[in-house]
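Read through the structure below, which is laid out as structure tokens, and then see the notes.
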Amino acid sequence: MISKLGYVPKESRGDHAPEYFDTETVTAADRSKFRTRKRAKKASVVSRILAGVVALVVLGGIGFGIWFLAGSGADDKGNGLTYAALSKPCDKLDPAPMKDITGGSDVKATKDEVEKHAHSTEQFCEASFGKPGEGGSVAVNTQVFKRDAGAKNAYEDALDEAELNAEEATETGGGEQLIETVDGVGTKAYSNTRKAAKGSKTVDYTLVYYQDNAFIETRLSVYNGAASLSEVKGYTKAVAQKYMENWAAA
């Protein structure tokens, strides 16, 4: 099974990754409702009614502000932006930081695609290495905006959704997801570690952050006990940083 962040091992397929949040096609009303979902779950009936009234009053202003921050402005590095849209996202993927777990095997791209939107471009680079079920997969999926604020908005939406999904998974007995703040990468970053099924030796780790006008999700899955969680964290961070260096220099 291939998700937007790469191959998901059989034992983990019941625990789906959060759906990718498109900040450019979502309406202002959708955004307003989404950002109040976590609070609304524990709020009283009266609080929910008051929140709805307030949301209706400010909806127009919020919608315009989001559109202006995320959508207007320049559209390439020549106009002051750090990152420009790519035609081949996997060209910027450097597998060198993972050499200890790739074992000299080729890192083969399984997805190298670009989707253009009105105010941003989504870029998908997914690859696999090693024998099926014994190697692993890596994905660096990015979104580049025409203003820096667009990347920040995408990050905040993704974090809200990840926290909500993790909470709901715990409440319903689904696969555990651990959301943690990460330092030393991007402007702000968090990680999502998915707990594998009992007896599984798979490590599934995602690093999410934003920097300037780019929003980045880097996911590394390693099978059959090829690396510990602490090692996978280091590999993922190194891959993400190298990718951004190559992209900024393009």
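The values are calculated or read from the model by the stated rules, or taken from the named source; none is laboratory data. Quantities reported herein were computed from a predicted structural model and do not represent experimental measurements. For neighbour counting, all protein chains shown are included, and Cβ atoms are generated from backbone atoms with ideal geometry for every residue, glycine included. All accessible areas refer to the heavy atoms of the entire protein, side chains included, with ligands and DNA or RNA removed. Shrake-Rupley method; radii C 1.70, N 1.55, O 1.52, S 1.80 Å.
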Exercise for the section: Before anything else, pin down the relative contact order of segment 135-250: Cα pairs under 8 Å, at least 6 apart, normalised by residue count, whole percent. Expected result: 29 percent
Fill in the blank from the handout: Simple spin-label estimate for residue 229/residue 108, 7 Å along Cα→Cβ, in nm, reads 3.2 nm
Problem - Largest to smallest accessible area among 120, 200 [probe 1.4 Å] - result: 200, 120
Handout entry: Whole-number percent relative contact order across segment 69-172, with pairs defined as alpha carbons under 8 Å at least 6 apart
Key = 29 percent
Practice task
Using DSSP to define loop residues, name the GluC sites (Glu not before Pro) in segment 158-198 whose beta-carbon has at most 14 other beta-carbon atoms within 10 Å.
Solution key: 176
Completion exercise
Per the 1/(1 + (r/R0)^6) rule, R0 = 25 Å and r from the Cβ atoms of residue 99 and residue 248, FRET efficiency to 0.05 is 0.65
Fill in the blank from the handout: Going through 116/146; 108/131; 201/242; 195/233; 152/237; 108/188 one by one, the pairs whose alpha carbons sit over 21 Å apart turn out to be 201/242; 108/188
